[in-house]
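Working notes for the structure below.
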Amino acid sequence: MSDSGQRIRVAESVGSLPREQWDRLAGAGNPFVSWDFLTALEDSGSVGPATGWQPLPIVIERGEGNQLAAAMPAYAKSHSQGEYVFDHAWADAYERAGGSYYPKLQIAAPFTPATGPRLLAANPEDALLLLRAAEAVCGQFGLSSAHATFVEPAQRALFEAGDWLMRADIQFHWENRGYASFDEFTGALASRKRRAIRKERAAAQEGLEIRHLTGAEIRPEHWDAFWVFYQDTGARKWGHPYLTREAFELLGQRMPDRILLVLAYDGETPIAGALNFIGADTLFGRYWGCTEERRFLHFELCYYQAIDAAIARGLARVEAGAQGGHKLMRGYEPVETWSAHWIADPGFRDAVADFLEREREGVAADAALMADRGPFRRG
């Protein structure tokens, strides 16, 4: 698509686009839409034709030298793995009716259930152009639908203005209410919950040393250890890990200061670890694994150490990943998350719209109920 002074196209990869121009659009707030993160996935083979995640970034270029004016991280998907917003039932229904749900267009940070910008545009007009371009790409490549997952709240209205269908879900985030320490945070909890957390932390830390590593502190041997942890968790949860070993190496090289690796040591042997990414105001918990089962160690490394780190850095929140009602009793509160969906077939779109309306009511009710049952003191 093009007109005078403007070109809208699908690039072959994020890596084929200028880093400085992409990051100017992406901003510095969210690590998962940065050029460094997305190209680490491409260059490591974590995404690509063989994975079912074929990069199809959509860009708007203008002016001398075709400068990037807007962009969208997008992928042609041949399955629904690694998305954390589940549409398998939609695919089954569409294919039972004689349609082909796959391939579809996924607008996302791959394998990353963290909220962030999906329309990298400076103004609403360019955001709407990106949405129209995504719809056109579906038509051009014969894709059934387009799906933007974990849309940041500020961009929800842009998708609604584009007449995309909105889907709600629930995650559990920790909010920093100006706490000076972990003890000050637990002081806001009901006494029974506060005592339970203290007992969990004491049990988890017994006989172990917890180390926080970032930047140049993270050396190859640390990635070697974490790769073992990650493979174990990936094999149990998904059947195979999504990221390759090289992905961690490249992430460590390209964005070291945006990574926080928390490792638990028994003597000089690391037995468990949690990988976090540091945003402008949010700590994002991503991966965890262990080689020894210890009581409450998962909670300690993934949730409590993340709170410690967020308080120390003055960050506003911790996003600890998808699902997990067990986070509620540990100070993480229910937050609605949003995805946006465009369906090419009018009849199927109507069916999905009806489903989403009913689903949203249930999600809102669940969120209200869980908020009422949270661990914080009342009154």
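For a modelled paramagnetic label at ALA196, 7 Å from Cα along Cα-to-Cβ, the residues of segment 343-370 in reach, with backbone nitrogen under 16 Å, are 370.
If you place +1 on the Cβ of every Lys and Arg, -1 on the Cβ of every Asp and Glu, and leave all else neutral, what size is the dipole of segment 261-379 about its Cα centre, to the nearest 20 Debye?
On the way: 13 positive and 18 negative charges, 88 e Å.
Roughly 420 debye, rounded to the nearest 20.
If the cut-off is 16 Å between C-alpha atoms, which aspartates and glutamates fall inside it for LYS77, apart from same-chain ones fewer than 8 positions away? Result set, ordered by chain and number: GLU12, GLU42, ASP87, ASP92, GLU95, GLU135. When the GluC sites (Glu not before Pro) in segment 25-104 are filtered for DSSP coil states and for at most 12 other beta-carbon atoms within 10 Å of their beta-carbon, the remaining sites are GLU64. Between segment 37-72 and segment 332-378, the alpha-carbon centres lie 30 Å apart.
Take every DSSP beta bridge with both residues inside segment 235-322 and express the antiparallel ones as a percent of the total, to the nearest 5.
Details: 15 of 18 bridges.
About 85 percent, rounded to the nearest 5.
Per the Debye formula on identical point scatterers at the alpha carbon atoms of segment 263-379, with no solvent, log10 I(q)/I(0) at q = 0.10 Å⁻¹ is -0.46. Bridge orientation summary for segment 272-379: considering DSSP beta bridges with both residues in this region, about 70 percent are antiparallel. Between amide H atoms placed 1.01 Å from N, distances below 5 Å from LEU56 occur with ALA74, TYR75, ALA76, all of them 5 or more places distant or on a separate chain. How large is log10 I(q)/I(0) at q = 0.16, 0.18, 0.20, 0.21 Å⁻¹ when the Debye formula is applied to the Cα atoms of segment 66-109, each weighted equally and without solvent? Here the Debye-derived log intensity ratios amount to -0.51, -0.60, -0.68, -0.73.
Per-residue Karplus couplings for segment 334-345, computed as 6.51 cos²θ - 1.76 cosθ + 1.60 with θ equal to phi - 60°, are listed in order as x, 9, 6, 10, 9, 10, 10, 9, 10, 10, 5, 6 Hz, Gly and Pro entered as x.
Heavy atoms only, probe 1.4 Å: what % of the accessible area of segment 1-120 goes to carbon and sulfur, would you let me know? The computed percentage sits at 49.
Between GLN253, GLN140, GLN305, the GNM of the chain built on Cα springs shorter than 10 angstrom shows GLN140 fluctuating the most.
GluC sites (Glu not before Pro) within segment 108-194: which are DSSP loop residues with at most 14 other Cβ atoms inside 10 Å?
On the way: sites: GLU125, GLU135, GLU160, GLU175, GLU184; in loops: none.
Filter output for segment 108-194: empty list.
The alpha-carbon positions of segment 14-148 define a convex hull whose volume is 110 Å³ per residue.
Could you give the semi-axes, largest first, of the ellipsoid that matches segment 82-162, computed as the square roots of 5 times the alpha carbon gyration tensor eigenvalues and rounded to whole Å?
On the way: eigenvalues 110, 53, 20 Å².
Semi-axis lengths for segment 82-162 are 23, 16, 10 Å.
Take THR291: with every protein chain present and a 1.4 Å probe, its accessible area is about 80 Å². Each Lys and Arg adds +1 at its Cβ and each Asp and Glu adds -1 at its Cβ; summed about the Cα centre, segment 1-137 shows a dipole of about 140 debye.
Rounded to the nearest 20, the Cβ-based charge dipole of segment 236-310 about its Cα centre (Lys and Arg +1, Asp and Glu -1) stands at 320 debye.
One Cα centroid belongs to segment 165-194, the other to segment 126-151; the line between them spans 35 Å. Restriction of the trypsin sites (Lys or Arg not before Pro) in segment 267-302 to DSSP coil positions whose beta-carbon has at most 16 other beta-carbons within 10 angstrom yields ARG295. Accessible surface for the chain, divided over its residues, is 42 Å² per residue with a 1.4 Å probe. The calculated pair-distance distribution of segment 187-250 uses every alpha carbon pair, bins of 5 angstrom beginning at 0, and gives 4, 13, 15, 13, 15, 15, 12, 9, 3, 0 percent. Ordering ALA28, PRO57, GLN205 by Cα displacement along the dipole of the chain toward the positive end leaves GLN205 in first place; charges were set at the Cβ atoms of Lys, Arg (+1) and Asp, Glu (-1). For the chain, what is the relative contact order in percent, using Cα pairs closer than 8 Å and at least 6 residues apart in sequence? Rounded, it is 20 percent for the chain. Ellipsoid semi-axes for segment 160-309, based on the Cα gyration tensor and the rule √(5λ), read 25, 24, 16 Å when sorted largest first. Selection among GLY15, GLY374, TRP227 by position relative to the dipole of the chain gives GLY374 as farthest towards the positive end (Cβ unit charges, Cα centre).
Quick one: ranking VAL335, VAL137 by accessible area, 1.4 Å probe, largest first, what do you get? If you can, show how the numbers build up before the last one.
Details: VAL335 45, VAL137 10 Å².
Order by accessible area, largest first: VAL335, VAL137.
Stretched out fully, how many nm does the piece from GLN81 to GLN323 gain, at 0.36 nm a residue minus the Cα gap?
Working: separation 242, 0.36 × 242 = 87.12 nm, distance 1.56 nm.
Gain on extension, GLN81 to GLN323, equals 85.6 nm.
The values are calculated or read from the model by the stated rules, or taken from the named source; none is laboratory data. What you see is a predicted model, and the numbers here were worked out from it, not measured in a lab. Positions of Cβ are backbone-derived with ideal geometry, glycine not excepted, and every protein chain shown enters the neighbour counts. Only protein heavy atoms, including side chains, enter the accessible area calculation; ligands, DNA and RNA are left aside. Shrake-Rupley method; radii C 1.70, N 1.55, O 1.52, S 1.80 Å.
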